[in-house]
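Quick one: structure below, then a few questions.
The values are calculated or read from the model by the stated rules, or taken from the named source; none is laboratory data. Predicted model, so just to flag it, every value in this text is computed and none were measured. Cβ: placed from backbone, ideal geometry, glycine included. Neighbour counts: every protein chain shown.
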Amino acid sequence: MQTSVHQGRVFERNENGSSTTETVTGTQAEMQAYLEALVFDSTAGGRHVTSGKVSQVAGTEWKCEVVYADESNGGTVTPPSSAYGKKSATLSTGCMRMPLEKRENYLANWNHYLAKGLLESETDDGLTPDFWFDASTVILSKQDSQRWKWVKSMADIPPDADKLGRTWKIIKDPTKPGVEGYDLATYQVTESVKQPNPTRCGYYVANRLNKIISPNETFGLTVGNWKCDSASIQWDGKHWKATLTYTLSGDAEGWDLDLYELG
């Protein structure tokens, strides 16, 4: 039968709170079972198990040393601590605006007019070119560009004949007039890290905000890359904390390296 060794109990207190090491003894099998039964859960707060260790005392006597931590009664955080730099993270989702052209099924006719150029001697046959129905780009072949033109606005059409003598007119309107983007739900990770003082928090934030950089925890999401979009610094009653939010890019191409700096 396992027994508690009270004289082996150790109490400790530091800037992060207090800890207690409690020791029980018994056979090797009992101590191994005792160790396996321990529950490690720091998310509930208060007193919780942080570690356990089984070792032989002498002969058939074994002991299990269990360390319990209680961070609810911590003291000052001015001195550096091994707890600083440890991160906690949560995953959420948010919406970002994406250009229509980023859609995999994008068609040029969604948000472009199609114009046709005719010489003075020509008569419009009223036919729609085949490419209008399924073109995924506004880039035309050299031959088609002599006759057709994709434009975003009617104002892009010359009011008079061009230097080649062609007069341009709109023959097809956009199928999604006025629509230039769509909402895409993407992932966001909010990560908090303890720091010893507000200056260190500020330094931590400044080296990440607006930069392409991954959070410490990405929850297994690997397609695309991350950008730090927002940050805050606060005192939670025990520690100074920097909290940053990272947003996953809307596609596998990732955030544009020409527009955002690597962190």
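Quick one: in segment 69-94, of everything that is at pLDDT 85 or above and surrounded by 12 or more Cβ atoms within 10 Å (Cβ to Cβ), which residue is farthest from I157 (Cα to Cα)?
Selected residue: A89.
Being in contact with a Cys (Cβ under 9 Å, 6 or more places away or on another chain) and assigned to a loop (DSSP other than H, G, I, E, B), is that true of even one residue in segment 196-209?
yes
A further question on this structure: For W132, work out the one condition from (1) in contact with a helix residue (DSSP H, G or I) (Cβ under 8 Å, 6 or more places away or on another chain); (2) within 30 Å of C95 (Cβ to Cβ); (3) not in a loop (DSSP other than H, G, I, E, B) it doesn't fulfil.
It fails just one condition, (2).
Just to be sure, is T186 assigned to a strand (DSSP E or B) and touching a Gly at 6+ places or on another chain (Cβ under 7 Å)? Reasoning before the result, please.
On the way: assigned to a strand (DSSP E or B): yes; touching a Gly at 6+ places or on another chain (Cβ under 7 Å): yes.
Here the answer is yes, as T186 does meet what is asked.
Restricting attention to segment 115-166, which residues are loosely packed, with under 14 Cβ neighbours inside 10 Å, over 24 Å from R103 (Cα atoms) and small (G, A, S)?
S121, G126, S145, A155, G165
Of the residues in segment 85-105, how many are within 12 Å of A185 (Cβ to Cβ) and polar (S, T, N, Q)? Before you say what the answer is, go through the steps one by one.
To start, the set of residues in segment 85-105 that are within 12 Å of A185 (Cβ to Cβ) comprises 92-98.
From what is left, the residues that are polar (S, T, N, Q) are 92-93.
The total comes to 2.
Applying the selection to segment 183-195, what residues are surrounded by fewer than 16 Cβ atoms within 10 Å (Cβ to Cβ) and out of contact with any Cys (no Cβ under 6 Å at 6 or more places or on another chain)?
Just the residues of segment 183-195 that are surrounded by fewer than 16 Cβ atoms within 10 Å (Cβ to Cβ), to begin with: 183-185.
Within segment 183-195, just L184 meets the criteria.
Give me a count of the residues in segment 48-64 that are free of Cβ contacts under 8 Å to residues at least 24 places away in the same chain and either in contact with an Asp or Glu (Cβ under 9 Å, 6 or more places away or on another chain) or of a type in the set (F, W, Y) (or both).
Pass one, segment 48-64, residues free of Cβ contacts under 8 Å to residues at least 24 places away in the same chain: 48-49, 51-53, 55, 58-59.
In the following step, the residues that additionally are either in contact with an Asp or Glu (Cβ under 9 Å, 6 or more places away or on another chain) or of a type in the set (F, W, Y) (or both) were identified as 48-49, 51-53, 55.
Total meeting the criteria: 6.
For (1) of a type in the set (S, T, N, Q); (2) under 30 Å from E217 (Cα atoms), each residue gets a yes or a no:
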position: E104; (1), (2): no, yes
position: L118; (1), (2): no, no
position: G126; (1), (2): no, no
position: V138; (1), (2): no, no
position: S141; (1), (2): yes, no
position: A155; (1), (2): no, no
position: P159; (1), (2): no, no
position: G178; (1), (2): no, no
